[in-house]
Amino acid sequence: MEIERKYLVKTLPDGYMSFPSCSIEQAYLCAEPVVRIRKEDHRYYLTYKSKGLLEREEYNLPLTKEAYAHLLSKADGMILTKRRYRIPITDTCLTIELDIFSGAYEGLCLAEVEFGSRQEAERFVPPAWFGADVTFSGEYQNSRLALRKA
């Protein structure tokens, strides 16, 4: 089960580029339920996500580079590209995944935080540099971004 909150980011935090990061390319084979393919640096995955906003099932399966390329040609909508920075939250076991988009969504920045329980997610107080909480709007789900015109 994936339990996560998502926020718009208006101002990037100082020093974010010093944290570990990866390049991500992803596309969608289906939006309901979500079936996504992703290239993360030199690793490839197929992911299934059930319906939901704060909580949903998520399963990741490894793909070969060839399988990824084959499935990419069958994707709906656009290919999303972004750089993800993993920023630990001091004094917790939580990590911020800061996504800075390129390509069609150049300039869009989103932050996601995954939690161990719904209660933990509901108690979370975001850092000052986070913007609006868009968890429950669904507007910034990557599957929706891929299927609409930027």
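At-a-glance table
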{"item": "Filter pass, LEU12 being of a type outside the set (Lys, Arg), open to solvent by less than 70 Å² (accessible area, probe 1.4 Å), part of a loop (DSSP other than H, G, I, E, B) and closer than 20 Å to PRO126 by Cβ", "result": "yes"}
{"item": "Candidate set from the range 78-88 (those that are farther than 19 Å from ARG43 by Cβ and touching a strand residue (DSSP E or B) at 6+ places or on another chain (Cβ under 6 Å)); member that is least open to solvent (accessible area, probe 1.4 Å)", "result": "ILE87"}
{"item": "Residues that are at pLDDT 95 or above and either outside any loop (DSSP other than H, G, I, E, B) or open to solvent by less than 30 Å² (accessible area, probe 1.4 Å) (or both), drawn from the range 125-141", "result": "PHE130, GLY131, ALA132, ASP133, VAL134, THR135"}
{"item": "In the range 39-67, the residues that are open to solvent by less than 60 Å² (accessible area, probe 1.4 Å), in a strand (DSSP E or B) and under 20 Å from ALA111 (Cβ atoms)", "result": "GLU40, THR47, LYS49, ARG56, GLU58"}
{"item": "Residue match in the range 103-122 (condition: open to solvent by less than 80 Å² (accessible area, probe 1.4 Å), under 16 Å from CYS30 (Cα atoms) and without any contact (Cβ under 8 Å) to a residue 12 or more places away in the chain)", "result": "no"}
{"item": "Condition check for SER73: surrounded by 14 or more Cβ atoms within 10 Å (Cβ to Cβ), of a type in the set (Gly, Ala, Ser) and either at pLDDT below 95 or more than 24 Å from MET1 (Cα to Cα) (or both)", "result": "no"}
{"item": "Subset of the range 57-83 [within 30 Å of SER117 (Cβ to Cβ) and basic (Lys, Arg)]", "result": "LYS82, ARG83"}
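The values are calculated or read from the model by the stated rules, or taken from the named source; none is laboratory data. In this text the structure is predicted, and so the values were computed from the model without any measurement. As a convention, Cβ positions derive from the backbone with ideal geometry for all residues, glycine included, and neighbour counts pool all protein chains shown. Only protein heavy atoms, including side chains, enter the accessible area calculation; ligands, DNA and RNA are left aside. Shrake-Rupley method; radii C 1.70, N 1.55, O 1.52, S 1.80 Å.
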